[in-house]
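Asker: Structure in structure tokens, see below.
The values are calculated or read from the model by the stated rules, or taken from the named source; none is laboratory data. Quick caveat, the model's predicted, so the values are computed rather than measured. So basically every Cβ, Gly included, is an ideal-geometry build from the backbone, and we count neighbours across all protein chains shown. Remember, those area values only see protein heavy atoms, side chains included, never the ligands or the DNA or RNA. Shrake-Rupley method; radii C 1.70, N 1.55, O 1.52, S 1.80 Å.
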Amino acid sequence: LRSATEGFACFAVEFSPFEENKFACAAGQNFGIVGNGRQYVFVNDGRGLRIQSAFDTQDGLFDCAWSEENERILLSASGDGSLKIWDTAQPSGRPIQSIPAHEKEVYSVHWNPMAKDTFVSGSWDLTAKLWSPRRPAPIMVFAEHTGGIYDTVWSPSNPRVFASVAGDGALKIWDTNERHSVQTVLAHHNEVLSCDWNKYEENVVVTGSVDKTIKIWDLRNPRQELTTLSGHSLAVRRVKCSPHFGGVIASCSYDMSVIIWDTAAPREPLVRRIDHHTEFVQGIDFNLFIEGQIATCSWDQTVDIINV
């Protein structure tokens, strides 16, 4: 199933944690360099994908995250350093909240799936920040990365812990009770664009880098990765761990492909390569409710639902 985002290059997709047929897509004109942004909400109505809501912003949008406490609320990360909060029951209009959050582009937002009244943002201003939708100022600021932050992801098993990755090649683990990171892994010798937590093993984190590889880390023994997955021919833009199978990872890349990996497969972890986009693939997500269903989005101005 495919839908177009005419005039807007897509940067991120996220399925609703409440409704199996709904997902959000963050997008920007002119590949996010200059021009407006648009936050889409798509619904799969059985006949195809239709746009339920589209919210316009002055700057490109680089990431989005659904609220974990209210199925209508959606959060966007903006190129102007702000966070936008939308009521998706409306078809369009202004944000219900706009937070001046960072000094530079916000590249990542993630709502806490356990402590549902908090979310985290990551920016090219080198900081990650902890927020509550009920407070205009950040609860905490985390400043240790020496390169722009590309991804910030909550642990699925600990409400205080999140991971961040950045242009400095580092994976950092943070506890929101501590001002300094509790762990730093020199994950790649190149920019790290994405990370995710294994949903079944609380110490396992996956990273994806400009060096074209995906690495799997056990935080109890971080000196060396458990596994390196090679198969992309350009930068790995995003990695996501399956909510249904502990060994399954989905990745997307600037090589325009999506790869499904199964690390439990002994000889060849690369299970399936999907070459359906014609530009950089920027976003990918698993549907929590429908096993094996993913959404992808690309700079080719399309979003897709695929059953893998």
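Asker: Within the chain, what whole-number % of the accessible surface is contributed by carbon and sulfur, with the 1.4 Å probe and all protein chains included in the calculation?
Answerer: With neighbouring chains kept in place, the figure for the chain is 48 percent.
Asker: Right, something else. According to the square roots a ≥ b ≥ c of the eigenvalues of the Cα gyration tensor, what is the shape class of the range 78-197, taking rounded for a/c under 1.5, prolate for a/b larger than b/c otherwise, and oblate for the remainder? Before the final figure, lay out each step's value.
Answerer: On the way: a/c = 1.90, a/b = 1.48, b/c = 1.28.
Prolate shape, in that a/c is at least 1.5 and a/b is the bigger ratio.
Asker: Size of the range 262-308 along its principal axes in angstrom, Cα-based, largest extent first?
Answerer: The Cα atoms of the range 262-308 stretch 36, 25, 13 Å along the principal axes, largest first.
Asker: Would you mind working out the accessible area per residue for the range 74-217, using a 1.4 Å probe, and quoting it in Å²?
Answerer: 38
Asker: Which number do you get for Rg(Cα) / (2.2 N^0.38 Å) in the range 139-189?
Answerer: Compared with the compact-globule rule of thumb, the range 139-189 sits at 1.06.
Asker: May I ask you to work out the translational diffusion coefficient for the range 69-132 at 37 °C, viscosity 0.692 mPa s, via Stokes-Einstein with Rh from the Kirkwood sum over Cα pairs, reported in whole µm²/s?
Answerer: Translational diffusion coefficient: 272 µm²/s.
Asker: If you don't mind, there's one more thing I want to ask. Would you mind counting up the charge near Glu68? Only other residues with Cβ under 11 Å from its Cβ, with Lys and Arg at +1 and Asp and Glu at -1.
Answerer: Cβ neighbours under 11 Å give a net charge of -2.
Asker: Can I ask one more? Once a ≥ b ≥ c are taken as the square roots of the eigenvalues of the Cα gyration tensor of the range 25-118, is the result rounded (a/c under 1.5), prolate (a/b larger than b/c) or oblate (a/b not larger than b/c)?
Answerer: oblate
Asker: Hey, which lysines would be in cross-link range of Lys84, C-alpha to C-alpha under 25 Å, not counting anything within fewer than 8 residues on its own chain?
Answerer: Cross-link targets: Lys22, Lys104, Lys116, Lys129, Lys240.
Asker: Now for a separate question. Classify the range 140-284 from the C-alpha gyration tensor, please: rounded if a/c falls under 1.5, else prolate or oblate depending on whether a/b exceeds b/c.
Answerer: Taking the square roots of the gyration eigenvalues as a ≥ b ≥ c, the range 140-284 is prolate.
Asker: Skipping prolines and chain starts, which residues have an amide H placed within reach, meaning under 5 Å, of the one on Val182, given they are 5 or more residues away or on another chain?
Answerer: Result for Val182 returns Ile173, Trp174, Asp175.
Asker: Rounded to whole Hz and in sequence order, give me ³J(HN,Hα) for the range 275-282 from the Karplus expression 6.51 cos²θ - 1.76 cosθ + 1.60, θ = phi - 60°, writing x for Gly and Pro.
Answerer: These are the phi-based 3J(HN,Hα) values: 10, 9, 9, 10, 8, 3, 8, 9 Hz.
Asker: Next up: Averaged over every viewing direction, what's the projected area of the C-alpha convex hull for the chain? Give it in nm², one decimal, please. Spell out each step's value before the answer.
Answerer: Working: hull surface 55.0 nm².
Convex hull of Cα atoms, orientation-averaged projection: 13.8 nm².
Asker: At a 4.7 angstrom Cβ threshold, list every cysteine in the chain that has nobody to pair with, or say none.
Answerer: Flagged as lacking a Cys partner: Cys25, Cys64, Cys195, Cys241, Cys252.
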